[in-house]
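J.: There's a structure below that I have some questions on.
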Amino acid sequence: MREKIYNVMNKIYGISILVSLFAGFLPVIPFILAIIIGGETGANISVFLYKQYYPWVAVLASLAVIIGIVALYIGGKITFKFPKKAKKDKLAKEKKEELMAMDDAKKAEENQAIADDAVANEESKEDQEK
């Protein structure tokens, strides 16, 4: 049952987003005509689209997004819950271990560099003595 509701709402979401996109693109032609016509008539066309038409398009797009979010929630694709504390603690512990491993590797590289420098210094001393 839940899957059927999800499928229906997902279809409604898809259709409403498509309608919102077309509704948002539709005023392009009147705006171009308003620019070509110019003057008071062109300004009136632009003001009408801005004040009367676009608010409805914004409401339609917002409703489409809400339908999509509800559909995702009903379908179990997302949840509106915060992660459990144990999960956060586990992630924090893994991150800490990763950082410690990186620090250990960095220290090993530094120790190797110090050892290489010491060997190079001794070799240069031997060469100077000869």
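The values are calculated or read from the model by the stated rules, or taken from the named source; none is laboratory data. Being a predicted model, the structure only gives us computed values, none of them experimental. Neighbour counts are summed over all protein chains in view; Cβ atoms, including those assigned to glycine, are modelled from backbone coordinates with ideal geometry. Ligands, DNA and RNA are excluded from the accessible area calculation, which covers all protein heavy atoms including side chains. Shrake-Rupley method; radii C 1.70, N 1.55, O 1.52, S 1.80 Å.
J.: If the Cβ limit is 9 Å and pairs must be 6+ apart or interchain, which residue in the range 15-32 that is at positive phi pairs with which residue that is open to solvent by less than 30 Å² (accessible area, probe 1.4 Å) and part of a helix (DSSP H, G or I)?
T.: Pairs that qualify, where the first residue is at positive phi and the partner is open to solvent by less than 30 Å² (accessible area, probe 1.4 Å) and part of a helix (DSSP H, G or I): there are none.
J.: Hey, any hits in the range 82-105 for a residue that's of a type in the set (A, V, I, L, M), in contact with a helix residue (DSSP H, G or I) (Cβ under 9 Å, 6 or more places away or on another chain) and either assigned to a helix (DSSP H, G or I) or at pLDDT 70 or above (or both)?
T.: There is no residue in the range 82-105 that is of a type in the set (A, V, I, L, M), in contact with a helix residue (DSSP H, G or I) (Cβ under 9 Å, 6 or more places away or on another chain) and either assigned to a helix (DSSP H, G or I) or at pLDDT 70 or above (or both).
J.: Here is a check on your reading of the model: is Gly76 under 22 Å from the mean Cα position of the chain (by Cα), on the phi > 0 side of the Ramachandran plot, modelled with pLDDT of 75 or more and surrounded by 10 or more Cβ atoms within 10 Å (Cβ to Cβ)?
T.: For Gly76, the condition - under 22 Å from the mean Cα position of the chain (by Cα), on the phi > 0 side of the Ramachandran plot, modelled with pLDDT of 75 or more and surrounded by 10 or more Cβ atoms within 10 Å (Cβ to Cβ) - is met.
J.: Hey, another quick one. Can you tell me which residues in the range 33-47 are open to solvent by 40 Å² or more (accessible area, probe 1.4 Å) and free of Cβ contacts under 8 Å to residues at least 12 places away in the same chain?
T.: Once the filter is applied, which keeps residues that are open to solvent by 40 Å² or more (accessible area, probe 1.4 Å) and free of Cβ contacts under 8 Å to residues at least 12 places away in the same chain, the range 33-47 yields Ile35, Ile36, Ile37, Gly39, Glu40, Thr41, Ala43, Asn44, Val47.
J.: Looking at the range 1-11, which of its residues are assigned to a helix (DSSP H, G or I) and either open to solvent by 90 Å² or more (accessible area, probe 1.4 Å) or at pLDDT 90 or above (or both)?
T.: Correct list: Arg2, Glu3, Lys4, Lys11.
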